[in-house]
1. Ignore the peptide's own chain and count Cβ atoms of other chains within 10 Å of each Cβ in B:137-150; give me the average, rounded.
2. Using only the alpha-carbon atoms of segment B:23-85 as identical scatterers, what base-10 log of I(q)/I(0) does the Debye formula give at q = 0.11, 0.25, 0.27, 0.30 Å⁻¹?
3. Which residue, chosen from B:Gly57, B:Ile124, B:Ile150, occupies the Cα position most advanced towards the positive end of the dipole of segment B:27-153, where the dipole is computed from +1 (Lys, Arg) and -1 (Asp, Glu) charges on Cβ about the Cα centre?
4. Among B:18-29, B:87-98, how do they line up from the highest to the lowest mean number of other beta-carbon atoms within 10 Å?
5. Quick one: of A:Lys303/B:Lys122; B:Lys18/B:Lys78; B:Lys18/B:Lys104, which pairs are farther than 23 Å apart, Cα to Cα?
6. What average count of beta carbons from other chains do you get within 10 Å of the Cβ of residues in A:60-72?
7. Tell me which residues come under 5 Å, amide H to amide H, from A:Ile264 once H is placed; ignore anything under 5 positions away on its chain.
8. Can you pull the mean other chain C-beta count within 10 Å for peptide A:12-23?
Amino acid sequence: MPRTKLTKGGSNKRARENVAELEDLLRDFDIEFDSNLQTMRRLHQKNLEDADNIIEGFKMELGNRILSLTMGDLKKMNSLNEIGLDKTVNNLNATIKETLKKVDEGYLTEEASNKSRLTSDSESGSTAKVSIIGPLKAHKSRRRSQSANNVPSSSQVVTPGPRAMISHLKMRTPLATLNADAMAGGFPSSHVSRSKFRTPLQKSTQPSKRAASADRVQTIIPKCNPTTPISILRHARVGEVAFSVTGSPIVPTSVVESTANVNIPVANGILSIRPQNLDPSTLNTSLLDKFDNGTIDHLRKLKANLDTLMAKFEEKNNARH
Amino acid sequence: MPSLDKTNSSNISTGLEKLETLLKTLKLFEEDRVKTFEDWSFSEDEKCSISEMAKAGFCFTGDMSKDDDSATCFVCGKVLDGWENTDDPWIEHQKHSANCQFVKMRRSEDELTVEEFLDLFKHISRQYLTNQYKKKEAVFIEVVQNIREIIKNQQF
């Protein structure tokens, strides 16, 4: 006689599974929500800091003389000339001009490595010897002619990146070997180009070697934060592949410099400021156009940081005497 | 008031326009606060005149047609209504909102130094940004909670 078959908690089990699944889903949902909320709060904090920085920067730009005026006095004034703001701006122009002149006259003739930096002809006002850094298009256009010349140059700026690795992986032709030799011999070649005379059918006989790519490298764990106001970094070693973790432009130099200097990325190169005296009257004002607002903000912060640092030094010196 | 050259670059001029709009929204300047009092019950020779109200940091946020004379401080956001002609705006401000940055300074715009004025600007822009953010966050949390409820009530 047939009887009703009892299922061993089948539907219950399914229901339990569903509940568990739902709980998992909700937990994931909550985690996602929390992390989004945290991100939003962080962004808000950053916005607040940015707003503070803008006003602080503005205060610094005005200087103590103007800051100590009352609003009533300020309103009575007819032009900015009365409070000497135009003078402040002119002084700044002059300072930069002088620095650039010294850079052009002094270091550049002595150090080949500096040739690639942005320099300025102080008399004609034209910009000379602009290095090719950054934009891939510009870099490519130069690469081509260099590979045709087949001469590795020591004065070029190394643009580090995955491409540099190709030389070790693809030594198929004498040209590539030459480049590799040049690198081994201490010549920092700006690039390693692929030869036009590649051996045909190589692909079919052996699997092609994979070019180095940013996607294929193992995870890079930054050991320091390069975005902090003052950070100690090291120069890239010859032949070393540099990956920019934060997407910032890098200026590797083949010659390690012993003096403190400031490198500022501008529209078409790097502006390098050296610890030499700057004559305000000879500063090339066309250079100022190269700074965008972001750069000026950064310079302002940099100046503030240097001022803070110098104030600390003074304090320390005073304490000693 | 010194004027800045706006013709220099379009980028700078849009920035300045944005700044002007922000300053108007925040009612940082006394003259912008004065402009909010279009219809006010008290004349200029009374203690509670428009210029004294604006000097003490108040801008009009009421509706005179509905008998609402509320005025709000541009720094602390304190709303006060029921003004009488003998009320001193500064004293009322201090009585009801002693912790207000502006009350602590207790000086009119012209008497503040440029630095103090800019610090005030910093203070109220922080508040403005925080208020704007809190509103957005509240909406976000509410929407997310609603979605969570929908997921939770799913029938299998």
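Nothing in this text is a laboratory measurement; each read-out follows from the coordinates by a stated rule. This one's a predicted model, so the numbers in the text were calculated from it and none came from an experiment. All Cβ positions, even for glycine, are placed from backbone atoms using ideal geometry, and neighbour counts span all protein chains on display.
1. Values: counts 4, 0, 0, 4, 2, 0, 0, 6, 1, 0, 2, 4, 0, 0.
Counting Cβ atoms of other protein chains within 10 Å of each residue's Cβ and averaging gives 2.
2. -0.20, -1.08, -1.25, -1.46
3. B:Ile150
4. Descending mean neighbour count gives B:87-98, B:18-29.
5. In this structure, B:Lys18/B:Lys78; B:Lys18/B:Lys104 lie more than 23 Å apart at Cα.
6. Average per residue, whole number: 4.
7. Here A:Leu271, A:Ser272, A:Ile273 satisfy the definition.
8. Numbers: counts 0, 0, 1, 1, 0, 1, 3, 1, 0, 1, 5, 1.
Partner-chain Cβ atoms within 10 Å, mean over residues of A:12-23: 1.
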